[in-house]
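Notes to accompany the following structure.
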Amino acid sequence: MCEDNLNSREELLKEIMALGFSVTDISLYLDINPTDSTALGLHSEYSGKLRELSEKYAKLYGPLTLLDENRDRWHWIDEPWPWERRRY
């Protein structure tokens, strides 16, 4: 895999991870502040972006989770294992 492609993949994955953290964090905040319209708006915005980027990642590189896999074989097994990947 070329270096530029690897960097793009890593950058996309980092953005997905950051959005996932943000959505979870805002969800926890909304548990105790369910009427905060600013937080509700951010949750909706970040959730939509997370879904969009996760779908993009799956199309380009394969599924992020086993739940994303709906083919006739487990393609995720073809990817490098965590200890085979370059460290960040």
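Each value in this text was obtained by applying a stated rule to the coordinates, not by laboratory testing. Just so you know, these numbers come straight off a predicted model, no measurement behind them. Using ideal geometry, Cβ is built from the backbone for each residue, glycine included, and neighbour counts are taken over all protein chains shown.
Taking 0.36 nm per residue of separation and subtracting the Cα-Cα distance, full extension of the segment from Arg85 to Ser27 would add 17.8 nm. Annotation: extensible slack from Ala18 through Thr35 equals 3.7 nm (criterion: 0.36 nm per residue apart, minus Cα-Cα distance). In this label model, Glu55 and Ser8 are separated by 1.9 nm, measuring between points 7 Å along each Cα→Cβ vector.
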